[in-house]
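Colleague: This is the structure I want to talk about, given as C-alpha cells.
The values are calculated or read from the model by the stated rules, or taken from the named source; none is laboratory data. What you see is a predicted model; the values in this text were computed from it and never measured. Note that each Cβ is placed from the backbone with ideal geometry, even for glycine, and that neighbours are counted across all protein chains shown.
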Amino acid sequence: SDVKVTGNVAAGDWQMGEIGVTQPAGNSVEGLYLTVKDSAGKTKTLQNPDVAISARLQWQEWKIPLSEFTSAGVKMNAVKSLVIGVGNKAAPVKGGTGTLYIDDIQFGRAKQ
C-alpha cells in the first residue's frame, strides 16, 4: 500500500525530511519506504532501518537527511511526488493488514 503526494514543491534551502508515524495495535510487522521523484523523473527510494516500524505502538519519527536524495541526483527543488509504502519495495509480499497513520511530513533545516 502506498500513500502518494503529487504536486509542486517550492524551491528552498531544505536539509532534512521527517515522517511521523503513529500506529494502532494489530498491524502486520512491516517496514516503511519512501520514494521521492523529481520533475525529470529521477527517483530515489529509502527503506526505513526499523523493519518492524508498522507494529510499534508509539509515535515514530523517521528523520532523513535530504542529501540521501540529492546525492542520487534527485532535485529537491523540483519534487513531483512522494510515495510512502509499507513493506520492502525491492521484495514486496502480499497480505499485510492493519491501519497506518502518517502525519507531520516536514522539510526544512536540521534543528541545531
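Colleague: Every residue in segment 81-112 that is in contact with a Phe, Trp or Tyr (Cβ under 7 Å, 6 or more places away or on another chain) and under 20 Å from Ser67 (Cβ atoms), please.
Modeller: If the condition is that a residue be in contact with a Phe, Trp or Tyr (Cβ under 7 Å, 6 or more places away or on another chain) and under 20 Å from Ser67 (Cβ atoms), then Phe107, Gly108 are the ones that fit.
Colleague: What is the number of the single condition among (1) modelled with pLDDT of 90 or more; (2) in contact with a helix residue (DSSP H, G or I) (Cβ under 8 Å, 6 or more places away or on another chain) that Leu100 does not meet?
Modeller: (1)
Colleague: So, in segment 15-35, of the ones that are β-branched (Val, Ile, Thr) and at pLDDT 65 or above, which residue ends up farthest from the chain's Cα centre (by Cα)? Step through it out loud before you land on a result.
Modeller: If we filter segment 15-35 for residues that are β-branched (Val, Ile, Thr), which is where we start, we get 19, 21-22, 29, 35.
Now narrow it down to the ones that are at pLDDT 65 or above: 29, 35.
On the way: Val29: 17, Thr35: 6 Å.
For segment 15-35, the residue satisfying everything is Val29.
Colleague: Ok, one more. Do we find that Ser71 is among the polar types (S, T, N, Q) and in contact with a strand residue (DSSP E or B) (Cβ under 7 Å, 6 or more places away or on another chain) in this structure? Step through it out loud before you land on a result.
Modeller: On the way: among the polar types (S, T, N, Q): yes; in contact with a strand residue (DSSP E or B) (Cβ under 7 Å, 6 or more places away or on another chain): no.
Taking the combined requirement at face value, the residue does not satisfy it.
Colleague: For segment 51-72, give me each residue that is exposed (fewer than 14 other Cβ atoms within 10 Å of the Cβ) and either within 19 Å of Gly108 (Cα to Cα) or at pLDDT 90 or above (or both).
Modeller: Just the residues of segment 51-72 that are exposed (fewer than 14 other Cβ atoms within 10 Å of the Cβ), to begin with: 52, 57-59, 61, 63, 65, 67, 71-72.
Once the filter is applied, which keeps residues that are exposed (fewer than 14 other Cβ atoms within 10 Å of the Cβ) and either within 19 Å of Gly108 (Cα to Cα) or at pLDDT 90 or above (or both), segment 51-72 yields Ala52, Glu61, Lys63, Pro65, Ser67, Ser71, Ala72.
Colleague: In segment 36-60, how many residues are within 24 Å of Asn77 (Cβ to Cβ), within 14 Å of the chain's Cα centre (by Cα) and not β-branched (Val, Ile, Thr)? Break it down into steps so the answer makes sense when it comes.
Modeller: Taking segment 36-60 and keeping what is within 24 Å of Asn77 (Cβ to Cβ), we get 36-46.
Next, from what is left, pick out any that are within 14 Å of the chain's Cα centre (by Cα): 36-37, 43-46.
Pick out the ones that are also not β-branched (Val, Ile, Thr) and you get 37, 44, 46.
Residues flagged as within 24 Å of Asn77 (Cβ to Cβ), within 14 Å of the chain's Cα centre (by Cα) and not β-branched (Val, Ile, Thr) within segment 36-60 amount to 3.
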